[in-house]
Amino acid sequence: MRYLKLPYIVATHGALACMICSCQPSVPKTTTDSTHVTSTADTGKKYLSQPLVRHIYTADPSAHVFNGRIYIYPSHDTATGIPEDDFGSHFDMKDYHILSMDAVGGDVTDHGVALDIKDIPWAHRQLWAPDAAFANSTYYLYFPVKDSLDIFRIGVATSDKPEGPFKAEPKPIPGSYSIDPCVFRDDDGKYYMYFGGIWGGQLHKWNKNHYDSTKGNRKADEIAVAPRIAKLDANMKRFSEPVKEVQLLDENGKPFHEKDNAKRFFEAAWVHKYKGKYYFSYSTGDTHNLCYATGDSPYGPFTYKGVILTPVEGWTSHHSIIEKDGKWYLFYHDVQLSGKTYLRNVKVTELHYNDDGSIQTIHPSI
Ligand code: FUB
C-alpha cells in the first residue's frame, strides 16, 4: 500500500478540516445517520451516504449480523503525528472500537475500546483492518499488526460478546502474514481466511509462504500478486492447511499482470455468497476501485466481473458486503470528515444485483 497522494480528495475542507486534523471530532457515542443522498455544508460536495459516526475516525468496515444486530469491526484511525510514507506508516492505529446498530439507518452505538495494542503481547505497531467471526459460542476478532521485526502477521482474540472486550492470543496465527483478514463461513460450517495486501501490506515479499525482505513491488509486465486463503481449524485459532494462492482471472481466463492495476488485486479481500456463487471482492489500491470476481468454490478460481464501487474521496478503499432482512448492503469508507488519507469515516449504502447475478456499480458521490 502507498498512501502519499490524495488524488480524489477535494481541496476545500475549510475550517472543519482544521478543527479536526489532530484530534477526534466530538459527537455523542450513539448517533443517527442516514444512507440517503445528502449535500454537505462543509464541502458543498454531494455524497451518496453520510458517516455512520462522527465522534471517532473509523475505516475498513467489516460488517456482520450477529443475533439479528449489525456489528461493524472497523479500524480506528487517529492522528499520531507519524509522517506519511510509501509504507503507510501514518496508519498508526492503536486500538479497535466496535460499532453496532439494529438496522441500517438506525442509531449507531460505539462500544468503546474492544482491544488495545498494548494488550497484544507480540504486537509492535499498526493495528490495521480487522474482521470477526462467530463459532464455538465464541466471537473471534482477527487483526493484522506488525511484530517486533516490523513484519505484518495476523492475530486472533476472543470474547463471549460480539462487541468485546477481546482477549488476544499470546502469539500470531502460525503461518499467517500480510494484512486484511476476511473470515468467510461457508454453508457447510467451514471457515476460510482470505488475506493479503501489496506495497505497505508486504504481500509481494511472500513467495511460497516464505518472506524475502529484498523483494520489491512487481514490475508492470510481471504477473500480479495473488491474494491468499487458508481454511481455519475447528478452534478458529490456527490454519488447518498450508496457505494457498487464490487465482484471480480476467474475463478471458488469464491471470492479471501488474500493469492491469485497474482490476488486479491490491488489498481488502471480502467474500460473500449469493445464489450459490462465491463473490470475491477487493480493492485495486492505486487505482482506487472496489472490484469483484465470482467462482464456484471458496478457493476460486474467481473470474473478474466488474466494479462495485468507483473511487471514494481518499486514497484507500475497503469494504464489506452483508445481507440483512432481505436487503444487501455495502459498507465502505472515505475521508469526508477530515480530508486526510489516514482519518477515514465508515459509511453504508444499499447494494443491488441484476437478474444475472452481476452487481450494479455504486458511485460514492453524485
Ligand atoms: O487501514 C489500514 C489499511 O488501509 C488497511 O489494512 C487497508 O485495507 C487500507 O484500507
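The values are calculated or read from the model by the stated rules, or taken from the named source; none is laboratory data. None of these values were measured; they are calculated from a predicted model. Cβ coordinates were reconstructed from backbone atoms using ideal geometry, including for glycine residues, and neighbour counts include every protein chain displayed. Note: accessible area is taken over every heavy atom of the protein model, side chains too, but ligands, DNA and RNA are not part of it. Shrake-Rupley method; radii C 1.70, N 1.55, O 1.52, S 1.80 Å.
What to note about this one:
- Cross-link pairs beyond the 20 Å C-alpha cut-off, checked among 46/324; 254/305; 205/340; 205/237; 190/263; 205/305: 46/324; 205/340; 205/237; 190/263; 205/305
- Mean separation of Cα contacts under 8 Å (6+ apart) over length of the chain, as relative contact order %: 17 percent
- The slack in the chain from residue 235 to residue 94, taken as 0.36 nm per residue of separation less the alpha-carbon distance, amounts to 48.1 nm.
- Surface accessible to a 1.4 Å probe, per residue, for the residues of the chain, Å²: 39 Å²
- Residues in region 167-190 reached by a label modelled at residue 119 [backbone nitrogen below 19 Å; 7 Å Cα→Cβ]: 167-173
- Shape category assigned to the chain from the gyration tensor of Cα positions, a/c cut at 1.5: rounded
- In this Cβ point-charge picture (+1 for Lys and Arg, -1 for Asp and Glu), the chain has a dipole of about 360 debye about its Cα centre.
- Computed over the chain with a Gaussian network model linking Cα atoms closer than 10 Å, the most mobile of 137, 317, 176 is 137.
- Its DSSP H runs of at least 4 residues, each contributing -39,500 (n - 2.57), put the calculated 222 nm mean residue ellipticity of the chain at -500 deg cm²/dmol, to the nearest 500.
- Ligands, DNA and RNA left out, the accessible area of the chain computed with a 1.4 Å probe is 51% carbon and sulfur.
- Paramagnetic label zone (point 7 Å from Cα along Cα-to-C-beta, residue 102; backbone N under 20 Å) in region 308-329: 323-329
- Using R0 = 30 Å, the C-beta based FRET efficiency linking residue 82 and residue 160 works out to 0.30.
- Between region 170-199 and region 54-131, the alpha-carbon centres lie 17 Å apart.
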